[in-house]
Amino acid sequence: MSELEKITRLLRYYCLISTTAAGSGHVTSSLSAVELMTVLMFGGFFHFQLNNPSFANNDRLIFSKGHASPLFYSLWAVAGKVTEEELLTLRKFGSPLEGHPTMAFPYTEVPTGSLGQGLSVGVGMAINAKYLDQLPYKTFVLLGDSEMAEGEVWEAIELAAHYKLDNLIGVIDVNRLGQRGETLFGHDVEAYQQRVAAFGWETIVVNDGHDLGMLHEAYEKALQVKDKPVMVIAKTQKGHGVSLVADQEGWHGRALSQEQLMAALQELGEVDKNIRGEVAQPENLQPVVVAPKTEVVPFTYTKTELVATRKAYGNALARLADFFPEIVVLDAEVSNSTFSEIFRNAHPERFFEMYIAEQNMVGTALGLARRRKVPFVSSFAAFLTRAFDQFRIAGYSGLNLKVAGSHAGVSIGEDGPSQMGLEDIALFRSIFGSTVLYPSDAVSTEKLVEAAVQKPGVVYLRTTRAETPVIYDANEEFPVGGSKVVRHSDHDLVTVIGAGITLHEALKAHDILLQQNVAIRVIDLYSIKPLDVATLQQAVTETKALIIVEDHYPAGGIAEAVRSEIVTATPIFSLAVRKMPKSGKPQELLDFEEISAGAIVKKVQELL
């Protein structure tokens, strides 16, 4: 304990000097958790190969309260992996020690700082250990008491209990103070205990979160619990160890001045800068490995056969599962509509029901992605929008996350506007490094699902509720960033661009106009991000106008995507959902919103 006490003093020293050098940073939020993390990391409970952060059986440590990054970086300094000089670059441009943890720092599991997300990621890592890799590593998540007000935390808590994740240990730093004053429950640790226990977790209350002995006993007990996750709930003091800021409001996110730092260091006393914390070694175990099959099973669809792209999505996942054993699938209790149930029936051991909790589903998938899986999450496109923040953080992670949004657009019909995904393209186009794909038939869906598996980063696949005819041969290729010119001639007057359901409306319009001796070019813009600029530019050059038809709102949609890439004097017209949607037959709604074949014909006639 005397050695751990010396480590706590060194950690406080590091937190203080690094934030003062930066001129900003959350030093008080870091000081409150010093003992919590000292005992965990250097008390024999945390197992990690320091020189191999990606080792499969390393325990995982997630700072969900990412603003405590000065402590996070200091822990690895005490472990010998960061120097004091490097700590002094905290928050400086180009430093891997950013204001909140990012992937630039090699010991960061996922970017954190948008509060409430870390426990969901921990659920994903724990699911991976228990059900997929079958490894004994533990996942530890440090939570702030402020973020316990976030709904996603409780989504994660209920799912962790459901899956009996006894390899997941949460630690709540109950330091009473948030950014602007007292938190919802202040220092009432019993309030947190009662709520967490009600969800089926084992709870361990530590009434003095700065007592090393109490914390040692708490972690020992936590690691003995079976068949349920554990939450250590510790009463702490924000700014502990520095009387100027201890339990004082108004210091959140503020660093001490140089003069205040000198006084704080004098109060801290002698610091042993040579001490290093010992991190226990994990067992040298590797995950269960499933050898992939060497050839992808072919699919068979007949031209003109009616198949919903959402069903082809499920078919594709099941078909590709043996060739890509890293695929796992999560669904938000709509698998019989998204058709991910086809995968579930074929590979139940790699399917995880997330119930109607989309934010936690995305966070859990991110945890699985961090452990080298390729997760596909699926729900109605409309309901994915509530997880925008989670997708945003996924973009910053650089990890593989595949998303399928079904029931997109007004073409879903009678269910009405609350069920219609009309903002999803805009959402996913805005995600850093994302890819947005929109198949129109079963063949293109199969090929694009396969492309999504192999495309790094966040990939969004938009599927359609209605059955649509198969228009492509099975040997067609659909590279990311491409498009298909499905109708063309030497006399095309106008180019009509569609995707998904509107491609089929464009093809109907083509046939109607051809009977009037009017030739139009039809392009299937299945890759919305990135775009096939070359084909679009050729259409601009060879035809008199572009008409872009989409079952989506204009803002952030396909037309805006095209206009952002193509600079031309050739007019570009947009047919999109501009009226308040309502219940009705799919064709009625396409007509009402003027994105049907009839509306396309009318627009072409107006232009001519």
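The values are calculated or read from the model by the stated rules, or taken from the named source; none is laboratory data. Given the structure is predicted, the values throughout are model-derived calculations rather than measurements. No Cβ is skipped: glycine too gets one built from the backbone with ideal geometry, and neighbour counts run over all protein chains shown.
At a glance:
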| read-out | value |
| --- | --- |
| Residue count, segment 259-300 (criterion: over 29 Å from Ser54 (Cβ atoms), acidic (Asp, Glu) and under 40 Å from the mean Cα position of the chain (by Cα)) | 1 |
| Residue identified as in contact with a Leu (Cβ under 7 Å, 6 or more places away or on another chain) and at pLDDT below 95 among Met37, Met1 | Met1 |
| Criterion (outside the structural domain of Ser406 (by TED's automatic domain parsing), free of Cβ contacts under 8 Å to residues at least 40 places away in the same chain and either of a type outside the set (Lys, Arg) or under 18 Å from Asp524 (Cα atoms) (or both)) met by exactly one of Val549, Val567 | Val567 |
| Residues of segment 147-175 classified as surrounded by fewer than 22 Cβ atoms within 10 Å (Cβ to Cβ) and of a type outside the set (Phe, Trp, Tyr), total | 8 |
| Segment 280-329, residues that are in contact with a His (Cβ under 8 Å, 6 or more places away or on another chain) and part of a helix (DSSP H, G or I) | Arg310, Ala318 |
| Filter result for Val288 (under 21 Å from Ala474 (Cα atoms), of a type in the set (A, V, I, L, M, F, W, C), touching a helix residue (DSSP H, G or I) at 6+ places or on another chain (Cβ under 9 Å) and loosely packed, with under 13 Cβ neighbours inside 10 Å) | no |
| Residue within segment 577-587 that is without any contact (Cβ under 8 Å) to a residue 40 or more places away in the chain, touching a Leu at 6+ places or on another chain (Cβ under 9 Å) and not in a loop (DSSP other than H, G, I, E, B) present | no |
| Options Gly118, Gly113, Gly99: the member that is on the phi > 0 side of the Ramachandran plot, in the same structural domain as Ser54 (by TED's automatic domain parsing) and small (Gly, Ala, Ser) | Gly113 |
| Ile600 within 34 Å of the chain's Cα centre (by Cα) and either within 20 Å of Arg429 (Cβ to Cβ) or not aromatic (Phe, Trp, Tyr) (or both) | no |
| Filter pass, Gly144 being of a type in the set (Gly, Ala, Ser), within 30 Å of Gln248 (Cα to Cα) and outside the structural domain of Ile327 (by TED's automatic domain parsing) | yes |
| Hits in segment 252-279 - residues which are outside any loop (DSSP other than H, G, I, E, B) and surrounded by 14 or more Cβ atoms within 10 Å (Cβ to Cβ) | Gln260, Leu261, Ala263, Ala264, Leu265, Leu268 |
| Options Ile566, Ile558, Ile547, Ile572: the member that is in contact with an Asp or Glu (Cβ under 9 Å, 6 or more places away or on another chain) and of a type in the set (Val, Ile, Thr) | Ile558 |
| Contacts under 8 angstrom Cβ, first residue in segment 433-446 being free of Cβ contacts under 8 Å to residues at least 60 places away in the same chain, partner assigned to a loop (DSSP other than H, G, I, E, B) and surrounded by fewer than 24 Cβ atoms within 10 Å (Cβ to Cβ), 6 or more apart | Gly433/Gly398; Gly433/Gly457 |
| Residue list for segment 517-546, filter: in contact (Cβ under 8 Å) with a residue 40 or more places away in the chain and charged (D, E, K, R) | Asp524, Lys529, Asp532, Glu542, Lys544 |
| Residues (assigned to a strand (DSSP E or B), more than 26 Å from the chain's Cα centre (by Cα) and buried (at least 19 other Cβ atoms within 10 Å of the Cβ)) located in segment 522-573 | Val522, Ile523, Asp524, Leu546, Ile547, Ile548, Val549 |
| Answer residue from segment 209-245, given it is in contact (Cβ under 8 Å) with a residue 60 or more places away in the chain and over 35 Å from the mean Cα position of the chain (by Cα) and is farthest from Arg180 (Cα to Cα) among those | Gly213 |
| Selection within segment 57-95 - under 28 Å from Ile172 (Cβ atoms) and assigned to a loop (DSSP other than H, G, I, E, B) | Asn57, Asn58, Asp59, Ser64, Lys65, Ala79, Lys81, Val82, Leu90, Arg91 |
| Flag if Ser378 is small (Gly, Ala, Ser) and surrounded by fewer than 24 Cβ atoms within 10 Å (Cβ to Cβ) | no |
| Residues (in contact with a Gly (Cβ under 6 Å, 6 or more places away or on another chain) and not hydrophobic (A, V, I, L, M, F, W, C)) located in segment 75-126 | Arg91, His100, Pro101, Thr112, Gly113, Gln117, Ser120, Gly124 |
| Any chance Leu330 is within 30 Å of Met361 (Cα to Cα) and touching an Asp or Glu at 6+ places or on another chain (Cβ under 9 Å) | yes |
| Residues of segment 105-133 satisfying the condition of being part of a loop (DSSP other than H, G, I, E, B) and under 15 Å from Met354 (Cβ atoms) | Gln117 |
| Pairs where the first residue, in segment 160-179, is under 24 Å from Gly241 (Cβ atoms) and the second is part of a loop (DSSP other than H, G, I, E, B) and aliphatic (A, V, I, L, M), C-beta under 7 Å, 6+ apart | Asp173/Ala33 |
